[in-house]
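Comments concern the structure below.
The values are calculated or read from the model by the stated rules, or taken from the named source; none is laboratory data. Source: prediction; values computed, not measured. In this analysis, Cβ positions are derived from the backbone assuming ideal geometry, glycine residues included, and neighbour counts consider all displayed protein chains. With ligands, DNA and RNA removed, areas are computed over all heavy atoms of the protein, side chains included. Shrake-Rupley method; radii C 1.70, N 1.55, O 1.52, S 1.80 Å.
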Amino acid sequence: MSTPTTATRHPLTWVPSLYLAESLPFSAVMLISVIMFKEMGLTDSQITLYTGWLGLPWVIKPIWSPIIDNLKTKRWWVVNMQFLMGIALALVAFTLPTDLWLKGSLAIFMIIAFASATHDISADGFYIIGLSGKDQELYVGVRNTFYRIGMVIGQGGLVLLAGIMQEGYLGPAVQSVEVSWAIVFAIVGVLMIVLGLCHSLSLPKVEHSVHDSFSLREQAREFLLTLKVFLTKPHLISALCFILLFRLPEGLLTKIVPLFLTRSSEEGGLAMSDTDFGLIYGTLGVIGLLLGGLIGGWCVSRWGLKRCLWPLVLCITLPDAVYVYLSYCPTSDLWLTGTCVCIEQIGYGLGFAAYTLYLVTFSRGERSTAVFSICTAGQYLGGVMLPGMVSGLISENVGYQRFFLIIMLLCLVTFAVTAFVKIEDRRE
């Protein structure tokens, strides 16, 4: 295993940018693509199914996580995956104006998804070995906040830019849907390459290179050993239920909210333009996210996860009711809609801080990086991929109003798994 060395750089010089780099490709593949596919004429069920399948690499990433633990260093994987994703995102830009835009973009998105999942393993492992247990708690809010900021940059700033181009403000040459989105993905690609260059200089060296050769038998052995460590963790059943089901309501909600906000009123949506949608997520969404993430991380650092768990669980579930209100009382008031989005984002930031720290504390000990990758794969399977794949089918059959009522009902699942999970506060 790797041998840690002393990190000389302050965590604030690399934690924010590391998790920004982790979220931007995910945002491009799983969030920006939702709006793009809608504008290219796909239905809700098609969009959620296709983008749901793109989440497969995040589910199966524990299979190759031992390679990250045993080949090169996590720092090496972080930097190189950022360069790879930057190049692949630029390739999406060249694909969109062609007749093969759907098959081509989906194929490249899958490559980006595998690279992003690999990056997640190495970045999360770097966070664990690069910070003490106390600092992991202290900076979990910063980590989650900048991860979500990357998603807001995608759903907010880049969608806003696409809307501005399509409305002709930047000239007729970029007004078409295909060209505007090609420019957006080219920008994301450039951002990833810049982040790769920055991290090649700024990330502290907290480990030595392990092995420089690859053995399939050795990696299979490493994976089985990691699986054994995971399966022998205390309170495994309640932990699995918590990991798989805590994010179930959010998993159903995430892909439908952008579609609900931008679909026409005849389709049951709020008929927001891309410009208005991007503006909402780029301003009030950011404000809510910053407040929720930072306050959530500070609360857990101050009072511990066990004392903060239930208040933060209520924060992540109850604000979902704003979409019930918006679906039954549709409005063209942009600030009212933005306030509702802000409230939901504050709640998400607060609750997700507690959830992330639980995964970190559960993973501590032997093979922490690989165990953490299993945890994040489980939460993605139960809280993102599977709910996201069926969310469009459900919303198309029951309508947005009933769909959001179902979300509120499923918050009881989150409460149930929280009631049985075992929390052990460990500060190092």
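State the dimensionless ratio Rg/Rh of the range 286-428 (Rg: radius of gyration of Cα atoms; Rh: Kirkwood radius).
Checking Rg against Rh, the ratio lands at 1.01.
Which of K61/K205; K205/K228; K233/K306 have a Cα-Cα distance over 21 Å?
As for pairs spanning more than 21 Å Cα to Cα, those are K61/K205; K205/K228.
Treating only the Cβ of Lys, Arg, Asp and Glu as charged (+1, +1, -1, -1), what charge dipole size does the chain show about its Cα centre? Round to the nearest 20 debye.
With only Lys, Arg, Asp and Glu charged at Cβ, the dipole is about 1420 debye.
Given a 1.4 Å probe, how much area per residue of the range 58-97 is accessible, in Å²?
Heavy-atom accessible area per residue stands at 34 Å².
Calculate, in nm to one decimal, what I406 and R364 gain on full extension: separation in residues at 0.36 nm each, minus their alpha carbon distance.
Fully extending the segment from I406 to R364 adds 11.6 nm.
Pick out the long, greasy-scoring helices in the chain: whole DSSP H runs spanning 15 Å or more along their own axis by Cα, mean Kyte-Doolittle at least 0.0.
15-27, 74-95, 101-130, 177-202, 216-231, 248-262, 284-303, 305-317, 334-363, 368-380, 386-420
I need the shape label for the range 85-208. Rule: rounded when a/c is under 1.5, else prolate if a/b > b/c, else oblate, with a, b, c from the alpha carbon gyration tensor.
Cα axes put the range 85-208 in the prolate bin.
Please name whichever of L131, M165, A113 sits farthest to the positive end of the charge dipole of the range 109-181, dipole taken about the Cα centre and charges placed at Cβ: Lys and Arg +1, Asp and Glu -1.
L131
Shape of the range 375-428 from its Cα gyration tensor (a ≥ b ≥ c, root eigenvalues): rounded if a/c is under 1.5, otherwise prolate when a/b > b/c, or oblate?
oblate
Given the convex hull over the Cα atoms of the range 88-158, what projected area results after averaging over all orientations, in nm²?
Answer in nm², one decimal: 5.7.
If you find the alpha carbon centre of the range 295-337 and of the range 132-203, how far apart are they in angstrom?
That distance is 24 Å.
I'm a student and want to see the number: the projected area of the Cα convex hull of the range 6-46, averaged over all directions, in nm².
3.9 nm²
Per-residue HN-Hα couplings for the range 63-72, Karplus 6.51 cos²θ - 1.76 cosθ + 1.60 at θ = phi - 60°, whole Hz, x for Gly and Pro?
4, 10, 4, x, 5, 5, 6, 10, 10, 6
Filter the GluC sites (Glu not before Pro) in the range 246-334 down to the DSSP loop ones having no more than 14 other Cβ atoms within 10 Å, then list what survives.
Within the range 246-334, no GluC sites (Glu not before Pro) qualify (loop, at most 14 other Cβ atoms within 10 Å).
Considering only protein heavy atoms and a probe of 1.4 Å, how much of the accessible area of the chain is carbon and sulfur, as a whole percent?
Ligands and nucleic acids excluded, carbon and sulfur give 68 percent.
Please compute the volume of the convex hull spanned by the alpha-carbon atoms of the range 132-269 and report it per residue in Å³.
Given the Cα convex hull of the range 132-269, per-residue volume reads 236 Å³.
Could you give the size of the charge dipole of the range 273-379 about its Cα centre, using +1 on the Cβ of each K and R and -1 on the Cβ of each D and E, expressed in debye and rounded to the nearest 20?
With only Lys, Arg, Asp and Glu charged at Cβ, the dipole is about 700 debye.
Does the range 245-345 classify as rounded, prolate or oblate by the C-alpha gyration tensor (a ≥ b ≥ c root eigenvalues; a/c under 1.5 gives rounded; else a/b over b/c gives prolate, otherwise oblate)?
Prolate.
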